[in-house]
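Student: So that we are looking at the same thing, I have put the structure below in C-alpha cells.
The values are calculated or read from the model by the stated rules, or taken from the named source; none is laboratory data. Since this is a predicted model, take the numbers as computed values, not measurements. Methodologically, a virtual Cβ is constructed for each residue, glycine included, from the backbone with ideal geometry; neighbour enumeration extends over all protein chains shown.
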Amino acid sequence: MKSKNKQKYLVVVVGPTAVGKTDLCVQLAKHFGTEIISADSRQFFREMSIGTAKPSPEEQQGVKHHFVDSHSITEEYSAGAFEQDVLELLEQLFQEHDVVIMTGGSGLYVRAVLEGMDEMPETDPQVREALTKQYELQGLQPLLDKLQELDPLYFEQVDKANPQRVVRALEVCLSSGRPYSSFRSSEKQERPFYSIKIALNRDRAELYSRIDQRMDQMLAQGLQEEAKQLYPYRQHNALQTVGYKEIFDFMEGKYDWEEAVRLLKRNSRRYAKRQLTWFHKNPQEYAWFHPAQQGEIIAFINERMSD
C-alpha cells in the first residue's frame with residue numbers, strides 16, 4: 001500500500017511544434033508506467049486531426065492520452081476551464097501513479113495548470129487575430145454585444161468607441177474563461193504536487209526542416225479535405241490557427257495553391273518561434289534538452305524526484 005505522504009510529480013514537457021514531444025513523452029510514460037495529459041489547445045477538438053498533428057493510436061503505443069479528442073469544435077474551451085479539468089483529473093491519476101506526464105506547446109494552458117491564471121493573463125495570439133478579423137469584417141457592434149454577454153460589469157465602463165480596448169477585454173474573457181473585470185492581484189496558486197519542467201529544442205535549421213516535412217505530410221494525408229469540411233466553422237477560435245487559415249484563404253481566392261503551401265510552412269515556422277520565445281521568458285524555469293537525450297532526461301527526472 002502506498003504511503004499517503006509519498007510525493008506526487010507532474011512532469012511537464014514543452015517545446016515548439018514538430019520538435020518531437022509526442023515520441024519522447026510516450027517513452028517517458030512507458031518508463032514511469034504512467035499516463036499523458038495533452039496541453040495542446042488544438043488537439044482537444046475531435047474534428048481537427050490532420051492539421052493538429054494529433055498522435056495516432058499507433059503513435060500513442062497503448063499509452064493513455066487525456067485531452068485528445070475530448071471536445072467538439074463547436075464548444076468554447078478556455079485555459080481557465082482546462083486548469084480546473086486537469087486538476088480534477090490529476091487528483092484521480094495520482095491515486096494510481098506517483099508520476100504523470102503533461103505535454104504540449106500551448107504555454108498559456110501549461111501555465112494555468114501549474115500556477116493558476118495570472119492577474120491579467122497573457123492570451124493566445126490566435127484569439128486576438130480572430131477578434132481583429134471579426135472587427136474588420138463586421139465592425140465593432142458584434143464585439144460589444146459579446147462583451148456585454150461575457151462581462152456586463154466591464155461593458156458599462158469601457159470606452160465603446162475604442163476597438164482596441166474592446167478586443168483586449170474579449171481576448172482575456174475568451175482565453176481565460178473569466179470576465180475581464182474579475183482579474184485582480186493574486187499570487188501563484190499552490191498545487192498539491194511537485195512539477196518537473198522540461199523543454200525540448202533542436203538546432204533551428206533541423207527544426208525548420210522537420211516543420212516543412214510535417215506540413216508536406218499533412219497535405220499528403222488530406223489536410224486540404226479536412227479544412228474543406230471545417231470551412232463552415234471557420235469563425236471558431238480553434239480554427240483561427242496555422243494550418244487551416246491558409247487553406248481557408250486559398251478557398252476564398254486570396255492566393256493560389258502554391259502560395260498557400262508556402263504560407264503554411266512559413267507561418268508554422270513563425271509559430272514555432274513564438275512558442276520558443278514564450279518558454280524562454282524565464283530561462284531558469286525549464287531544463288532544456290534535445291529530444292534524443294532520453295537517458296539524460298530520465299536521469300534528470302529521477303534526480304529531481306530524489307531531492
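Student: Could you please give the count of residues in the range 144-162 that are polar (S, T, N, Q), in a helix (DSSP H, G or I) and farther than 19 Å from S176 by Cα?
Tutor: Matching residues across the range 144-162 total 1.
Student: Kindly establish whether E226 is in the same structural domain as Y77 (by TED's automatic domain parsing) and of a type outside the set (S, T, Y).
Tutor: Answer is no for this residue.
Student: Now a separate question. When the residues of the range 85-133 are filtered to those that are in a helix (DSSP H, G or I) and acidic (D, E), which remaining residue is farthest from Y180 (Cα to Cα)?
Tutor: Checked the range 85-133; the qualifying residue farthest from Y180 (Cα to Cα) is E91.
Student: If you check every pair at least six apart or on different chains, which have Cβ atoms under 7 Å apart with a residue in the range 44-60 that is over 22 Å from V110 (Cα atoms) first and a residue that is surrounded by fewer than 19 Cβ atoms within 10 Å (Cβ to Cβ) second?
Tutor: Listed by first residue and then by second, the contacts come to E47/S72; E47/I73; I50/Q221; I50/G222.
Student: Related question: Considering only the range 229-264, state which residues are touching a helix residue (DSSP H, G or I) at 6+ places or on another chain (Cβ under 8 Å), part of a helix (DSSP H, G or I) and more than 21 Å from E129 (Cβ to Cβ).
Tutor: Hit for the range 229-264 is W257, nothing else.
One line per residue, one yes/no per condition, for (1) more than 22 Å from the chain's Cα centre (by Cα); (2) surrounded by fewer than 18 Cβ atoms within 10 Å (Cβ to Cβ); (3) among the charged types (D, E, K, R):
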site	(1), (2), (3)
A220	yes, yes, no
E246	no, no, yes
F250	yes, no, no
S268	no, no, no
F279	no, no, no
Q293	yes, yes, no
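Student: Still on this structure, please answer the following. Considering only residues that are crowded, with 21+ Cβ neighbours inside 10 Å and either aliphatic (A, V, I, L, M) or more than 23 Å from Y77 (Cβ to Cβ) (or both), which ones fall in the range 94-108?
Tutor: V99, V100, I101, M102, L108, listed by residue number.
Student: Filter the range 229-244 for residues that are over 18 Å from the mean Cα position of the chain (by Cα) and among the polar types (S, T, N, Q) and give the result.
Tutor: Answer for the range 229-244, where residues must be over 18 Å from the mean Cα position of the chain (by Cα) and among the polar types (S, T, N, Q): Q229, Q235.
Student: Here's a follow-up. Which residues, counting only those in the range 79-111, are small (G, A, S) and more than 11 Å from the chain's Cα centre (by Cα)?
Tutor: G80, A81
Student: Related question: So D151 ticks every box in (1) surrounded by fewer than 21 Cβ atoms within 10 Å (Cβ to Cβ); (2) more than 21 Å from the chain's Cα centre (by Cα); (3) of a type in the set (D, E) but one. Which box is left unticked?
Tutor: If we test D151 against (1) surrounded by fewer than 21 Cβ atoms within 10 Å (Cβ to Cβ); (2) more than 21 Å from the chain's Cα centre (by Cα); (3) of a type in the set (D, E), just (1) comes out false.
Student: When you scan the range 91-121, how many residues do you find that are free of Cβ contacts under 8 Å to residues at least 24 places away in the same chain and in contact with a helix residue (DSSP H, G or I) (Cβ under 7 Å, 6 or more places away or on another chain)?
Tutor: So the answer is 0.
Student: Can you say whether V13 is farther than 18 Å from I297 by Cα, buried (at least 17 other Cβ atoms within 10 Å of the Cβ) and in contact (Cβ under 8 Å) with a residue 12 or more places away in the chain, as far as the supplied structure shows?
Tutor: So V13 fails the test.
Student: I'm trying to understand the selection: among the residues of the range 61-89, which are without any contact (Cβ under 8 Å) to a residue 60 or more places away in the chain, touching a helix residue (DSSP H, G or I) at 6+ places or on another chain (Cβ under 7 Å) and of a type outside the set (A, V, I, L, M, F, W, C)?
Tutor: Hits for the range 61-89 are Q61, H66, E83.
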